[in-house]
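What follows is a single structure, written as structure tokens, with notes after it.
Read the figures in this text as sums done on the coordinates, not as results from a lab. From a predicted model like this one, the values you see are computed outputs, not experimental measurements. Positions of Cβ are backbone-derived with ideal geometry, glycine not excepted, and every protein chain shown enters the neighbour counts.
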Amino acid sequence: MGYYFSTILNEKDFEKAIEKVTLELKNEGFGILTEIDIAQTLKNKLGVDFKKYRILGACNPPAAYEALTHEEKIGLFLPCNVVVLENENGEIEVAAVDPVASMIAVKNEKLASVAQEIQQKLKNAIEKLG
């Protein structure tokens, strides 16, 4: 079983790609709680150059609340990470964690429907980008 799903964007401008990803996630009920610029972080901390790579921490509040009511420590898996990166050939790829794959480790049947719902919403957002 894979742990993510992804697509290649037609968009070539990285910042516009971030905007499009954020909008599609919003259309599926997600807000962005965190945004980590990996290239900038590695430059600041290690002095190394790295490709454009951004991690968006996406949260669907109703689903997060439901998951937390079923499993107190599920916050370890929240928010759902979505990665936007520029490949060596200049293509921009978007990948999202598969929450169903993550929930297998938890072994709580009450989380299955929440994970499947979020999986579908993330897939919807990713598919609309491609």
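Summary of values
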item: Whichever lysines have a C-alpha closer than 19 Å to that of residue 121, once near sequence neighbours (fewer than 8 apart) are set aside; result: 20, 26, 110
item: GNM result for the chain, Cα springs below 10 Å: residue of 104, 32, 92 fluctuating most strongly; result: 104
item: Hull-based mean projected area of the chain, where the convex hull spans the alpha carbons, in square nanometres; result: 8.3
item: For segment 1-48 and segment 86-100, distance of Cα centres in Å; result: 8
item: Prolate/oblate/rounded label for segment 26-98 (Cα gyration tensor, a/c 1.5); result: prolate
item: GluC sites (Glu not before Pro), loop per DSSP, at most 16 other Cβ atoms within 10 Å - longest free stretch of the chain; result: 1-87
item: Kyte-Doolittle mean at least -0.5 and Cα axial length at least 18 Å: DSSP H helices in the chain; result: 14-27, 112-129
item: Charge dipole of the chain about the Cα centre (unit charges at C-beta), most positive-ward option of 3, 60, 40; result: 40
item: Candidate lysines - alpha carbon under 20 Å from residue 107, same-chain residues fewer than 8 apart omitted; result: 73
item: GNM top mover of 62, 99, 79 - the chain, alpha-carbon springs below 10 Å; result: 62
item: For the chain, the longest site-free run once trypsin sites (Lys or Arg not before Pro) in DSSP loop states with at most 14 other Cβ atoms within 10 Å are removed; result: 52-106
item: Paramagnetic reach from residue 8 (point 7 Å along Cα→Cβ, amide N under 17 Å) across segment 90-111; result: 90-96
